[in-house]
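Beneath this line is the structure, given in structure tokens, with notes to follow.
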Number of protein chains: 2
Amino acid sequence: MTVISHQSIRQALLGRIQSGEWALGSRIPGETDLATEYGCARTTVNRALQALADEGLVVRKRKGGTRVCQTPVRQAKFEIPILREQVETAGSNYSHRLVCNKLKRPPPPVRSRLHIPAGGKAAHMQTIHYADSSPFAYEERWVNTQAVPEILTTPLGEISVNEWLVKMVPFSSGDVVFSAVSADEKIADALEIEVGAAIFVIDRTTWLDDAFITTMTLYYKEGYKLYSQL
Amino acid sequence: MTVISHQSIRQALLGRIQSGEWALGSRIPGETDLATEYGCARTTVNRALQALADEGLVVRKRKGGTRVCQTPVRQAKFEIPILREQVETAGSNYSHRLVCNKLKRPPPPVRSRLHIPAGGKAAHMQTIHYADSSPFAYEERWVNTQAVPEILTTPLGEISVNEWLVKMVPFSSGDVVFSAVSADEKIADALEIEVGAAIFVIDRTTWLDDAFITTMTLYYKEGYKLYSQL
DNA sequence: TATGCTATTATGTATGCACATAATAATTTC
DNA sequence: GAAATTATTATGTGCATACATAATAGCATA
């Protein structure tokens, strides 16, 4: 026993949960009991239990005590890929081409997602991302120029919209939707594949506080996979 | 200000990061300074900063101090859906049909994923999941009978393999891979759709400590979307 | 019996303190 | 002057304590 700590206690508790010693939904000993059992302060046990609670493995209630979670919600975490990194870690050369960049009226679904007033305009961009010289992903994006007016005066040749936004509003919130679609002609054309191929799609909307910044759809080339951990 | 706490401090610090007051990669004041500024103990600031570090917003180093993360890794979290719940929360009736349940030699990729010795066998199952009476998802699964021999003597009529496993080894680890494929004949047949339709696929392997339990591929009906949050 | 107060219990949170640890800066030693 | 040693600094971790808070159990009163 080199180190004693909240981590090792967390580990020990996890083991007892995984082994089934404490059944699903059953109440586990109180903090004070565990503290004496492991020979440490209650604070330390508290930290360990809090960690397990954060991970969704146990549920804690005042007075009610701590219980093993009834329905173990399997939460997966993954990193939203940054295209350039993704390509470069694969050992290829990243580049991109801005196919279109116009200010125009967004279609209703986009308008409502970005909270743009009726009749208002937004910047519309289409980008093809390349790994070496073959297309890797096709991006369709709308940017709310109310929220980030600087986008209009930025030369988007060298730096991609994506990277520009990451620099400008790095800590925004957002939601992400994954799905699969068949490539229509536009997508097939951009990715240089057959119409009808199965395409992995990431749909993403980003905001900062009350300002809706951008919504984007990313179509990956066939065969793309997204890895994640439980 | 009703409550002072690590949470509100975390919030305040988050605001200063988001607003750009502290630039990307820049060093932020030390714990002691922040403690005096917010009028609380260093421990409390520590908790707030630890939380931000867990979320990947800041990087902390001994002596080096705390810095705003240079490349804000956008981590998304989502809950692995449980089919029954998914169907039932949509207001439909869940049911499933076990199409196949045989003990046989798995193909090499499955064999290596489940760490089954050469020539060894595993249980192979195919299940169709229904929402009301129309197919919703098609599941292909291999179970390592070495790890969970009980599966062989369980009547898998009423309870699905999925639910049985959740009950038996609820807190296992695993990895998940998402992708898109075109429906081949087998899948199209099971889901009662056209061959070639774009299908969202979840591939999942589950283990507990050293025991590899099961690997599963889940093919969702067209139009399925997976939601997630940043 | 119904209602309202009080005690108990288990977790939640904050504090002050002490010491550990890692990285760097300053100083000493050869 | 280079290398080894020591000091300093900022975070990491643990402990004892105190009080807050939520939910329940028990009791008491009308």
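The values are calculated or read from the model by the stated rules, or taken from the named source; none is laboratory data. Just so it is clear, the model here is predicted, and its values are computed rather than measured. Glycine gets a Cβ as well: all are built from the backbone with ideal geometry, and neighbour counts include every protein chain shown. Surface areas here come from the heavy atoms of the whole protein model, side chains and all, with no ligands, DNA or RNA. Shrake-Rupley method; radii C 1.70, N 1.55, O 1.52, S 1.80 Å.
Using a 1.4 Å probe over the heavy atoms of the protein chains, calculate the carbon and sulfur portion of the accessible area of the protein assembly as shown as a whole percent.
Carbon and sulfur atoms account for 50 percent of the accessible area of the protein assembly as shown.
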Quiz item: Shielding of A:17-25 by partners, i.e. mean partner chain Cβ atoms within 10 Å per residue?
Solution: 2
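Could you tell me the relative contact order of chain A? Use alpha-carbon pairs under 8 Å, at least six residues apart, and round to a whole percent.
So the answer I get is 15 percent.
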Exercise. Using a cut-off of 11 Å between beta-carbons, work out the net charge of the residues near A:R67 (Lys and Arg +1, Asp and Glu -1, A:R67 not included).
Key: +3
Practice problem: Report the net charge of residues surrounding B:A53, where surrounding means a beta-carbon distance below 13 angstrom and charges are Lys +1, Arg +1, Asp -1, Glu -1. | Solution: +3
Practice problem: Over the range B:83-220, calculate the relative contact order: mean separation of alpha carbon pairs under 8 Å at least 6 apart, over the residue count, as a percent. | Solution: 24
Exercise. Would you mind getting me the FRET efficiency between A:D54 and B:K167? Use the beta-carbon distance for r and R0 = 22 Å, nearest 0.05.
Key: 0.35
Quiz item: Size of the dipole of the range B:140-192 about the Cα centre, Lys and Arg at +1 and Asp and Glu at -1 on the beta carbon, nothing else charged, in debye to 20?
Solution: 260
Quiz item: Taking the Cα centre of the protein assembly as shown as the origin, how large is its charge dipole in debye, to the nearest 20, when only Lys and Arg (+1) and Asp and Glu (-1) carry charge on their Cβ atoms?
Solution: 1380
Quiz item: Summed for both chains, how many Å² of accessible area, to the nearest 100, are buried between A and B with a 1.4 Å probe?
Solution: 4200
Quiz item: Across chain A, how many lysine pairs, 8 or more apart or on two chains, come within less than 22 Å at their alpha-carbon atoms?
Solution: 8
Self-check item: Label distances, nm, A:G157 versus same residue in remaining copies, Cβ-directed 7 Å point
Solution: 7.3
Quiz item: Considering only protein heavy atoms, what per residue accessible area in square angstrom results for the range B:6-68 with a 1.4 angstrom probe?
Solution: 57
Quiz item: Any idea what the dipole of the range B:6-68 comes to, in debye rounded to 20, about its Cα centre with Lys/Arg Cβ at +1 and Asp/Glu Cβ at -1?
Solution: 280
Quiz prompt | Relative contact order (%) - the range B:173-217, alpha-carbon pairs under 8 angstrom, separation at least six | solution = 40
Quiz item: Do you know which residues of the range B:72-93 lose at least 30 square angstrom of accessible area in the protein assembly compared with their chain on its own, with a 1.4 angstrom probe?
Solution: B:P72, B:V73, B:R74, B:Q75, B:A76, B:K77, B:F78, B:E79, B:I80
Self-check item: Charge tally in the Cβ shell below 11 Å around B:A190, where Lys, Arg are +1 and Asp, Glu are -1, B:A190 excluded
Solution: -3
Quiz item: Can you list, shortest first and in nm, the gaps between the label point of A:K102 and those of its counterparts in the other copies, using a point 7 Å from Cα in the C-beta direction?
Solution: 5.7
Quiz prompt | Mean projection area, nm², convex hull over Cα of the range A:6-68 | solution = 3.7
Quiz item: Just in the range B:32-87: which trypsin sites (Lys or Arg not before Pro) are loop by DSSP and have at most 11 other Cβ atoms within 10 Å?
Solution: B:R62, B:K63
